[in-house]
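What follows is a short report on a single structure.
Every read-out reported here was derived from the displayed coordinates using simple, explicitly stated rules and does not represent laboratory data. None of the values given here were measured: they were computed from a predicted structure. Note that we place each Cβ from the backbone using ideal geometry, even for glycine, and neighbour counts take in every protein chain shown.
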Amino acid sequence: MNAEFIGALAQIEKEKHVSKEVLIDAIEAALISAYKRNFGSSQNVTVHIDRLTGEVKVFAKKKVVTFVENDLNEVSLEDAREISGAYEEDDIAEIEVTPKKFGRIAAQTAKQVVVQRIREAERGIIFSEYSNKENDIVTGIVQRADKGNVFIEMGKIEAVLAANEQVPGEQYQYGDRIKVYVIEVKKTSKGPQVYVSRTHPGLVKRLFEKEVPEIHDGIVAIKSISREPGSRSKIAVYSVDFNVDPVGACVGQKGNRVQVVVEELRGEKIDIIKWSSDPAEYIATSLSPAKVLSVKVNETDKTAKVIVPDYQLSLAIGKEGQNARLAAKLTGWKIDIRSETQVVGNTQENAWSN
């Protein structure tokens, strides 16, 4: 190695943001192992690289003694003082033992260490960049599918869209640009691994945050989201400003804002409702688009009995119970829905039984 090599390390430090001193320290440590491996030495050695010239020297650390019994680890006081007159008995002297052909080994080792450290640094930068994107959405390009997983190119890294994070019925074609929700970034032996989702409720939340300025500005808040990916979502919103309608802000003029979200979710239906601190009012609204006659809540076990007009029962329950199921997830309440006729019938039965 030479001064040009030291200059190259300085350039790497500038371009790759890897400290030159850290690289040199790592090379010196690697060269100790290389020396012992190539020259079969069990000596306690140290390696020094001149920070200006790049010259590499190997030194054996030996104890200064009057009578040498083990010349691998000991040096006589007389020989030590030929190196430096300051040495005294029991000092540790550094005796140069640099092999003649060590330069080639040093160059190869240095190259390997530098390449490895640059790779580690780049992985660290990528991990830091994408770990900051956890719980956020990013846009990627579909690259390939393998064993049910879809791989999404996201700039410097390829993210994994696992089979259980894919929306049923969605097709992902090569070259498609899609938005995904980053659920986790892991460090692995092969570098950072990013896991993304198209089914997470957070995807809906982030899409609205990006599309609705009032949410971004903190005027409108998303209180809760329930979702059955690819089919339907419910989102409860609230405004801190009485002059701002939270539902209207999310829907947008002529529905333009919510339509952008629906298109990104490839047609998934979205019900936007106004959140309320009154459980009965909140539960009634959560069953939208169905109309509710009354809600009786039990605060102790968080159950609610809801009465709807007969003609609204199927709408309130929804296809295969979806509307009721989403409302229950949205509010956190167990909801029992009955029609007027069912309630009257039960009342009459109870009267007759008495």
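At what distance in nm do the modelled label points of Tyr174 and Lys269 sit from each other, each positioned 7 Å from its Cα along Cα→Cβ? Taking the two extended label points, one gets 3.7 nm.
Of the two radii for the stretch 279-354, the radius of gyration is 1.00 times the Kirkwood radius, both from the alpha carbons; that is the Rg over Rh value.
The orientation-averaged projected area of the convex hull spanned by the Cα atoms of the stretch 194-285 comes to 6.5 nm².
Please state the shape class of the stretch 135-197: rounded when a/c is under 1.5, otherwise prolate if a/b exceeds b/c and oblate if not, all from the C-alpha gyration tensor. It is rounded, given that a/c, with a ≥ b ≥ c, falls under 1.5. Among the lysines of the stretch 135-197, pairs that are 8 or more positions apart or on different chains and have alpha carbons within less than 17 Å of each other number 4. Secondary-structure-derived ellipticity at 222 nm for the chain, considering helices only, amounts to -12000 deg cm²/dmol, per-run term -39500 (n - 2.57) for DSSP H runs with n ≥ 4. Placing a pseudo-label 7 Å from each Cα along the Cα-to-Cβ vector at Val115 and Lys63 gives an inter-label distance of 4.2 nm. For the chain, the spread of Cα positions along the three principal axes, ordered from largest to smallest, is 117, 50, 45 Å.
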